[in-house]
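Below is one structure, written out as structure tokens, with a few remarks after it.
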Amino acid sequence: MASSTHATVSEIRRLQRADGPAAVLAIGTANPPNCVLQEDYPDYYFRVTKSEHLTDLKHKLTTMCQKTGTEKRFFHHNSELLDAHPHFFDGGRPSLHDRLEIAAAAAPELAASAAAKAIAKWGRPATDITHLILSTNSCARTPGADIHLASLLGLRPSVARTMLQLNGCGTGSGSLRLAKDLAENNRGARVLVACVELSIVAFGGPEDNYPHTLISQASFGDGAGAVIVGADAVRPLERPLFDMVSASQTTIPDTDHAVTMQLTEGGLKYQFLMRELVPIAAQNIEQCLSAELERLGVDVEWNHLFWAVHPGIRAILDHIDGALRLEPGKLAASRTVLKEYGNMLSATVIFVLDEQRRRMEEDGEEGVWGVMVGLGTGFTIETMVLHATTNLKQELAPA
């Protein structure tokens, strides 16, 4: 009897799994309407925080903004909203409740805008989505943004929801890693990943938590990215873009102090130890990627890969370029997103992946094997090996 039960369970397990690898089926992105040019941001920031008399700090922020590699950023908040909440600029006054109220209303709407674009490109109805993963560093409540997003999109009540909160920049890649596992272990699953970030939760005055608040003010913007992930594509309706071949996560020992995030009564507080933070990825990324590709039996030079790297700031990309001896332009997708949007925390890597898709699909950029890299608190390096499909108009070698 035991043997028969075991065989039955094994057969059920086999039938539950997909036949092929998970793939990126569609991508959508969205930003709120308020745009500020990076060169104008110091004037804007010190005006709205009523801190124009702090000329030395304004000079420091100006220098920081110039080093980011960013030309413009988008925000949900504007001058009117900030004028209505002057306590946001006083770290000694409680403001977390009001910040989270703003994010709770705005985050699902922004996420829905990105997700609706992805669903439209996917070509199937939203009711065919079986799993929802929502990642954000801007919300902290239940019922949460995932339930509101599901309602806005008209997802089925049976959709299986997973909420990831306060996991930093690397959660975009981490969410896609989780989506890969869900799609491959649940036959017919279609997973919607949505990452949404609003910097109002961390917006503070220039003297509060110095210099970390100024660093975040020079770097972070608002945005949402969405990806549909599934295995065994239904053709010709679905059009896979990237096969998600393998995913891994590595936490670098003794680096958990390099970048931290904490919810306080005065909002979300960051701490950045920039001299340690910037070189960490470059010093460890080659070992992480080499181990993953060797395990897969993929022998390829770094310059033959396409790259989708969470950019953080320009200095991080420059260090990775140097460490891997990459040819000019290999990190172009990351640099373009950094220039056009800034660092949108978990959503950023989805924007980079979409920009890489555009370069391959529309501009004819070559590439067969590639890697997506997420960087986050811990300090954590997320890697995913990707394989471009024929839908990206490439002359591909057999997988």
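The values are calculated or read from the model by the stated rules, or taken from the named source; none is laboratory data. Since this is a predicted model, take the numbers as computed values, not measurements. Note: ideal-geometry Cβ built from the backbone for every residue, glycine included; neighbour counts use all protein chains shown. The area values use the complete protein model at the heavy-atom level, side chains included, leaving out ligands, DNA and RNA. Shrake-Rupley method; radii C 1.70, N 1.55, O 1.52, S 1.80 Å.
Calculate the all-directions average of the projected area of the stretch 1-113's alpha-carbon convex hull, and give it in nm². Reported value for the Cα convex hull: 13.9 nm².
Just the number, please: carbon plus sulfur as a percent of the accessible area of the stretch 1-132, 1.4 Å probe, no ligands or DNA/RNA counted. Roughly 55 percent of what the probe reaches on the stretch 1-132 is carbon or sulfur. For Ser135, the amide hydrogen comes within under 5 Å of the amide hydrogens of Leu164, Ala194, Cys195, Val196, counting only partners 5 or more places away or on other chains and with H modelled in the peptide plane. Expressed as a whole percent, the accessible area of the stretch 139-214 that falls on carbon and sulfur atoms is 49 (1.4 Å probe).
Got a number for carbon plus sulfur as a percent of the stretch 258-318's accessible area, 1.4 Å probe?
On the way: 1290 of 2890 Å².
So the carbon and sulfur contribution to the accessible surface is 45 percent.
Across the alpha-carbon atoms of the stretch 288-378, the computed radius of gyration and Dmax are 12.8, 37 angstrom. Computed over protein heavy atoms with a 1.4 Å probe, the accessible surface of the stretch 298-339 works out to 41 Å² per residue. In the context of the full set of protein chains, residues of the stretch 133-180 present 40 Å² of accessible surface per residue (probe radius 1.4 Å, heavy atoms only). Each helix, a run of at least 4 DSSP H residues, gives -39500 (n - 2.57); summed and divided by the residues of the chain, these come to -12500 deg cm²/dmol at 222 nm. When the alpha carbon gyration tensor of the chain is reduced to an equivalent ellipsoid, the three semi-axes, largest first, read 36, 25, 19 Å. Here the dipole of the chain is about 820 debye; that uses its Cα centre as origin and unit charges on the Cβ of Lys and Arg (positive) and Asp and Glu (negative).
What is the antiparallel percent of DSSP beta bridges lying wholly in the chain, to the nearest 5? Of the beta bridges lying entirely in the chain, close to 75 percent run antiparallel. Shown here are the Rg and Dmax of the Cα trace of the stretch 245-325, at 15.3, 51 Å.
Sorting the segments 138-150, 188-200, 231-243 by their mean number of nearby beta carbons within 10 angstrom, highest to lowest, gives 188-200, 138-150, 231-243. Across the stretch 203-232, the residues whose backbone nitrogen lies under 13 Å from the label position 7 Å along the beta-carbon direction of Asp56 are 207.
Could you list, in their original order, any pairs among Lys67/Lys117; Lys58/Lys117; Lys50/Lys72; Lys269/Lys330; Lys72/Lys180 whose Cα atoms are separated by more than 28 Å?
Lys67/Lys117; Lys58/Lys117; Lys269/Lys330; Lys72/Lys180
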